[in-house]
Amino acid sequence: MSLRAEALTLGYRDRRVIDALDLDLPRGGMTTILGPNGCGKSTLLRALARLIAPRSGQVTLDGRNIHALPSRALAREMAILPQSPLAPDGITVGDLVKRGRTPWRGFLAPWNDRDAAACTEALAAVALLDLADRPLDELSGGQRQRAWIALVLAQQAQVLLLDEPTTFLDLVHQMDVLTLLRQRNRDTGLTVISVLHDLNLAARFSDTLVLLGPDGLVATGNPQEVLTPDRLMTAFGLRAQIAADPVAGSPMVIPL
Amino acid sequence: MRGGVILTALLFAAVLVAVLIGQVDIGMAELWQGLITGEGPGALILDTIRGPRVATAVGAGAVLGLSGVIFQTLLRNPLAAPDIMGFTSGAGLAVVAATALGVALPMPLIAACGGLAAAVLVALLSWRRDAATPPLMLILVGLGVGFAASALTTFSMTLLPSEVAADAQRWMTGSLAARDWRHVAQVWGLGLILGLVTFGQLQALTALELGSDLAAGLGLNVERARWGLAGTGVLLAAVGVAVAGPIPFVALMAGPFSARLTGARTLGGRLAGAIAAGALITVLADLVARAALSGIQLPVGVMTGLIGAPYLLWRLSREMERGEL
Ligand SMILES: Nc1ncnc2c1ncn2[C@@H]1O[C@H](COP(=O)(O)OP(=O)(O)O)[C@@H](O)[C@H]1O
Ligand SMILES: [Mg+2]
């Protein structure tokens, strides 16, 4: 029961970005993909979500090649929040979240109770029920990001991929989003796979880290295993020391 | 909702006034009598003189408006309308060329072929490997294809006998003169079918509005949905061109105008609004074009051109300022 990359090779035209990568991301875990800019984090995430086709190798979900699954069926099992989704002009939070129901709705099928319940539940999970009627562009950055997360939660897929969900947020709202995802992961067994930039937050909120460097995979495993000075050197060219986070006990990166 | 009611009321009022006013004005009483008894000047106006003309204007404006809002939504750009991107010119070229060459096929079919050919040409010329086409490029390529089609149309007209050429010239500006009930049946019948096809694709367009990645994540086959919608949009525009010529700027203006007026937030509401606004603009433009100067009947396209060109310039400068081009 997992999302796996098997000998996955990805690239654009003559440029190879990921080479023969093997990964096993078990269901129910919280995984973070880390690495310097341009190393292929988004490329990998997009391939896991079937947004780009592999050059070779495959991605499987519970043993099934995701490219062999019907789009709609896959969308019921796996949701992705891209880095910069587009908001239609003047859309309200409630209308935005409703669009998450797309894979569950038949051709011309009327809106039903299950759809309504899923949206209400998703809005409640991100604490935006009170703001459902407000236009998205009147919200703060943190609230807006929570609205997008509500959209993919309303999709009710058991695997959720997110590309840099915290990048434009201040620290408080970064914590907010990650706490929310962790909560969801604990409460409903949601598998969360995200790309993050903050190493310490990633260490704190993840069961598994996937560390990519300029030349591909550097290490994967739990935060203690992955975050070591020499691996940070390989991946980022960063000289750093590791200490234990005094609050969470997870490894904490201190740049030198 | 209130905006929608206002828009509908405006459309009904415009249709009524357009039937009453013209070279010979009639009163409500005469119109009513004509409607009930089928006799008198009211009946003549309704059956032959202005009835088919106004009904064609409503139909052509509606399909052009819907086509415009489909492309504007699909390409996320208020300038991306079938008249700006050369599709209506392509349809017009096909019609004139077919007439010149004596091809005896139904006009909507010929116009559809021309519109689709122009669209495919624009898509091919602006296609980029591995990257989305920037909107400005698409619009410039479209403008270029449109100009080329217009030039070829002018050339085709030289091949026509002079009486026919004068008609063709008029038609090319967009004209509703001498329409009969066959034109009405064509544009309403095909428009209705294509309208239903569009509303069948509403869910896909709604998902595409969120960007292609999120749409794909929501289970949409993005490429197929895009082609389906673009094809429907081109056919809608072609149906309008087949009965009324390539009336400029209606498709461009209808969507933004109705969005302003109705404030519709749902996509379905915006599409419906653009249908009504396209019809309203066309009926009013035709009314002004034939009633403004006594004794002279201008083609409707002259009027929409007079309103549309400044609108286009304003829109262009605004988009440039906001850096969205
Ligand atoms: N659509 C694309 N076409 C060509 N090259 C791309 C494309 N997207 C990304 N790349 C290249 O692939 C590499 C990895 O990009 P990406 O996965 O976005 O990195 P990251 O998310 O880790 O910053 C970069 O060098 C980038 O320039
Ligand atoms: Mg990235």
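The values are calculated or read from the model by the stated rules, or taken from the named source; none is laboratory data. Small disclaimer: the values here were computed from a predicted structure and weren't measured. All Cβ positions, even for glycine, are placed from backbone atoms using ideal geometry, and neighbour counts span all protein chains on display.
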Of residues in segment B:32-68 being of a type in the set (Ser, Thr, Tyr) and modelled with pLDDT under 95, the one nearest to B:Trp171 (Cα to Cα): B:Thr48
Filter result for B:Ala237 (in a helix (DSSP H, G or I) and within 9 Å of chain A (Cβ to nearest Cβ)): no
Qualifying positions in segment A:188-199 - surrounded by fewer than 17 Cβ atoms within 10 Å (Cβ to Cβ) and not in a helix (DSSP H, G or I): A:Gly189, A:His197
Flag if A:Ala5 is part of a helix (DSSP H, G or I) and either within 16 Å of ligand 2 (Cβ to nearest atom) or of a type in the set (A, V, I, L, M, F, W, C) (or both): no
Residues of segment A:102-148 satisfying the condition of being within 16 Å of A:Ala79 (Cα to Cα) and in a loop (DSSP other than H, G, I, E, B): A:Arg105
Residues satisfying the stated conditions in segment A:8-47, i.e. within 22 Å of A:Ala203 (Cβ to Cβ), away from ligand 2 (no atom under 13 Å from the Cβ) and among the hydrophobic types (A, V, I, L, M, F, W, C): A:Leu21, A:Leu23, A:Leu25, A:Met30
Scope segment A:82-102; condition of a type in the set (A, V, I, L, M) and more than 7 Å from chain B (Cβ to nearest Cβ); matching residues: A:Ala87, A:Val93, A:Leu96, A:Val97
Scan of segment A:126-161 for residues that are farther than 12 Å from A:Gly94 by Cα and aliphatic (A, V, I, L, M), ordered by number: A:Val126, A:Ala127, A:Leu139, A:Ile149, A:Val152, A:Leu153, A:Ala157, A:Val159, A:Leu160, A:Leu161
All positions within segment B:97-153 that are within 14 Å of chain A (Cβ to nearest Cβ) and at pLDDT 90 or above: none
Cross-chain or 6+ apart pairs with Cβ under 7 Å, segment A:128-154 first and away from chain B (no Cβ under 14 Å), then surrounded by 24 or more Cβ atoms within 10 Å (Cβ to Cβ) and among the polar types (S, T, N, Q): none
Residue within segment A:63-86 that is among the β-branched types (Val, Ile, Thr), within 16 Å of ligand 2 (Cβ to nearest atom) and either surrounded by fewer than 17 Cβ atoms within 10 Å (Cβ to Cβ) or modelled with pLDDT of 95 or more (or both) present: yes
Single residue of B:Gly34, B:Gly22 found to be farther than 30 Å from B:Gly269 by Cβ and not in a helix (DSSP H, G or I): B:Gly22
Filter result for A:Ala202 (touching a residue at least 60 places away in the same chain (Cβ under 8 Å) and either assigned to a loop (DSSP other than H, G, I, E, B) or touching a helix residue (DSSP H, G or I) at 6+ places or on another chain (Cβ under 8 Å) (or both)): yes
Hits in segment A:34-75 - residues which are among the charged types (D, E, K, R), more than 15 Å from ligand 1 (Cβ to nearest atom) and facing chain B (nearest Cβ under 10 Å): A:Arg50, A:Arg72
Matching residues, segment A:167-187, being more than 14 Å from A:Ser140 (Cβ to Cβ) and either at pLDDT below 90 or surrounded by 14 or more Cβ atoms within 10 Å (Cβ to Cβ) (or both): A:Thr167, A:Met175, A:Leu178, A:Leu180, A:Leu181, A:Arg182, A:Arg184, A:Asn185
Close pairs (6 angstrom Cβ cut-off, 6 or more residues apart or separate chains): within 14 Å of chain B (Cβ to nearest Cβ) in segment A:162-185, at pLDDT below 95 and more than 16 Å from ligand 2 (Cβ to nearest atom) anywhere: A:Pro165/A:Val177
Residue count, segment B:201-232 (criterion: part of a helix (DSSP H, G or I) and either in contact (Cβ under 8 Å) with a residue 40 or more places away in the chain or more than 7 Å from chain A (Cβ to nearest Cβ) (or both)): 18
